[in-house]
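The values are calculated or read from the model by the stated rules, or taken from the named source; none is laboratory data. Quick caveat: nothing in here was measured; it's all calculated off a predicted structure. Here Cβ is always computed from backbone atoms with ideal geometry, including for glycine, and neighbour counts include all displayed protein chains.
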Amino acid sequence: MVRTSPLTFRKVLGNFFVVFALTVIGSIYTSLFKVYWPLKSDPKIMAFIITFHIFFLLMMLCFFKAMLTDPGVVPPLWGFYMGDSETKRRRYCLMCHVFKPERCHHCSACNRCVLNMDHHCPWINNCVGFYNRKYFLLLLFYVNINTYTVALFLFPQISNELCLLYQTKHMPNSSQTLFLGTYTLNCMLSMTLTIFFKFHLKLALSNSTTIETMDKKAVSKVNYNKGVNKNWEQIFGKNPWLWFLPLTGDSGKPIGDGVVWTVPINIEIDDIPEDELEKRNSSVMNDMNKKKDEESKSKEISTAPDSLGSRTEYTRNFYHPEVKQNSGRIGEKFTDDVLLSPEP
Ligand SMILES: [Zn+2]
Ligand SMILES: [Zn+2]
């Protein structure tokens, strides 16, 4: 991770969480290995061992990729555009001394700003952000697969042990205690992480983040949802062969740069009948002409929609990326000031 501020105590302490997570994974793995490795001569058991190890390896790769990939640092020359809303200008990080792009937040554990920050995960001792969100989601996916596999395949062994203990009325010895404890921990993990995975999958498919969900202030309520497919591709990239692998390559990278975000078009232009489109465009033209008249009257001030849909005052000498994108031709954002024409 690129350090833009000094290391914090919380970040150093986070390494112990990582060691703890690895110990839990190791003990669950050992329990399964002890039971199934002696039975490897059975081809079915061997097939299970191989399949389990493929998923286990993928899980471990996702774990390290999520932990070691930089979630996204603010580019050094990032600033605000002349004419950007006051809300954007106010998003200045006093700790990192940078203007924060949309969806960027300062993490107190990492002690720096993180692009498209979702949350700081203590188990990987890293923030989940723009560049490692895919790995984090895949990690949850493979953890779920592995914990369910362990719960299912160790169940006969566990029930035998419990029956034996019940019949002999003996207290479990240390290795039995460890085995029962590990199995219980595995089941608790699988239940908790299923809920966690469902929550994060829902956020990913709606192009939202944990921080945005928690933020009750209306200011941050920008809807970035572009539909399930586009939202999925935004995180997992365009190449379906890489979706479930902890690799990115050129075609598996998240879409965009994590700095500039566009909001979806609310309507499909092709769905609008031509006469309605003409009517709408002529009314937009009228509005634009009216606005021009007003501008020439006031000379000093003009208005344009900002990314939050509100109206903000600009000096005449403004530059606004959305206005530039949208003028004359539909851009990514649908606003009332945009002329619509069907796709060629
Ligand atoms: Zn910061
Ligand atoms: Zn963090």
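Can you go through Phe52, Phe33 and tell me which one is surrounded by 12 or more Cβ atoms within 10 Å (Cβ to Cβ), under 32 Å from the mean Cα position of the chain (by Cα), assigned by TED's automatic domain parsing to the domain that holds Asn160 and in a helix (DSSP H, G or I)?
Testing whether each residue is surrounded by 12 or more Cβ atoms within 10 Å (Cβ to Cβ), under 32 Å from the mean Cα position of the chain (by Cα), assigned by TED's automatic domain parsing to the domain that holds Asn160 and in a helix (DSSP H, G or I) leaves just Phe52.
Of all the criteria given as (1) within 16 Å of ligand 2 (Cβ to nearest atom); (2) modelled with pLDDT under 90; (3) of a type outside the set (Phe, Trp, Tyr); (4) not in a loop (DSSP other than H, G, I, E, B), the one not satisfied by Lys88 is (1).
Taken together, the residues in the range 146-185 that are surrounded by 16 or more Cβ atoms within 10 Å (Cβ to Cβ) and among the β-branched types (Val, Ile, Thr) amount to 5.
Listed here are the residues, each with its yes/no results for (1) within 13 Å of the chain's Cα centre (by Cα); (2) farther than 30 Å from Leu242 by Cα; (3) more than 16 Å from ligand 1 (Cβ to nearest atom).
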residue	(1), (2), (3)
Met95	no, yes, no
Phe99	no, yes, no
Glu102	no, no, no
Ala109	no, yes, no
Cys113	no, no, no
His119	yes, no, no
Asn125	no, no, yes
Lys134	yes, no, yes
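The residues on offer are Phe136, Phe153, and the sole one that is touching a residue at least 24 places away in the same chain (Cβ under 8 Å), aromatic (Phe, Trp, Tyr) and touching a strand residue (DSSP E or B) at 6+ places or on another chain (Cβ under 7 Å) is Phe136. When the range 220-249 is filtered for residues that are in a helix (DSSP H, G or I) and not charged (D, E, K, R), the ones remaining, listed by number, are Ser220, Val228, Asn229, Asn231, Trp232, Gln234, Ile235, Phe236, Pro240, Trp241, Leu242. Each residue in the range 4-14 was checked for being more than 16 Å from ligand 1 (Cβ to nearest atom) and more than 22 Å from the chain's Cα centre (by Cα), and 3 of them qualify. As a summary of the residue check, Met95 satisfies the conditions (1) within 16 Å of ligand 2 (Cβ to nearest atom); (2) at pLDDT 90 or above except for the one numbered (2).
Condition check ((1) without any contact (Cβ under 8 Å) to a residue 60 or more places away in the chain; (2) in contact with a Ser or Thr (Cβ under 9 Å, 6 or more places away or on another chain)) across all residues:
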site	(1), (2)
Thr4	no, no
Val18	no, no
Ser27	no, yes
Ser31	no, yes
Trp37	yes, no
Ile45	yes, no
Met59	no, no
Lys100	yes, no
Cys107	yes, no
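Just to be sure before I move on: is Asn281 at pLDDT below 90, loosely packed, with under 14 Cβ neighbours inside 10 Å, more than 18 Å from the chain's Cα centre (by Cα) and not charged (D, E, K, R) in the structure I sent? For Asn281, the condition - at pLDDT below 90, loosely packed, with under 14 Cβ neighbours inside 10 Å, more than 18 Å from the chain's Cα centre (by Cα) and not charged (D, E, K, R) - is not met. Here the range 113-149 is the region considered, the condition is being within 23 Å of Pro6 (Cβ to Cβ), touching a Cys at 6+ places or on another chain (Cβ under 6 Å) and not in a loop (DSSP other than H, G, I, E, B), and the residue that is farthest from ligand 2 (Cβ to nearest atom) is Cys113. Among the candidates Phe136, Phe155, Phe236, the residue that is closer than 25 Å to Glu102 by Cα, at pLDDT below 95 and aromatic (Phe, Trp, Tyr) is uniquely Phe236. Of the residues making up the range 1-16, those that are part of a loop (DSSP other than H, G, I, E, B) and of a type outside the set (Gly, Ala, Ser) are Met1, Val2, Arg3, Thr4, Pro6, Leu7, Thr8.
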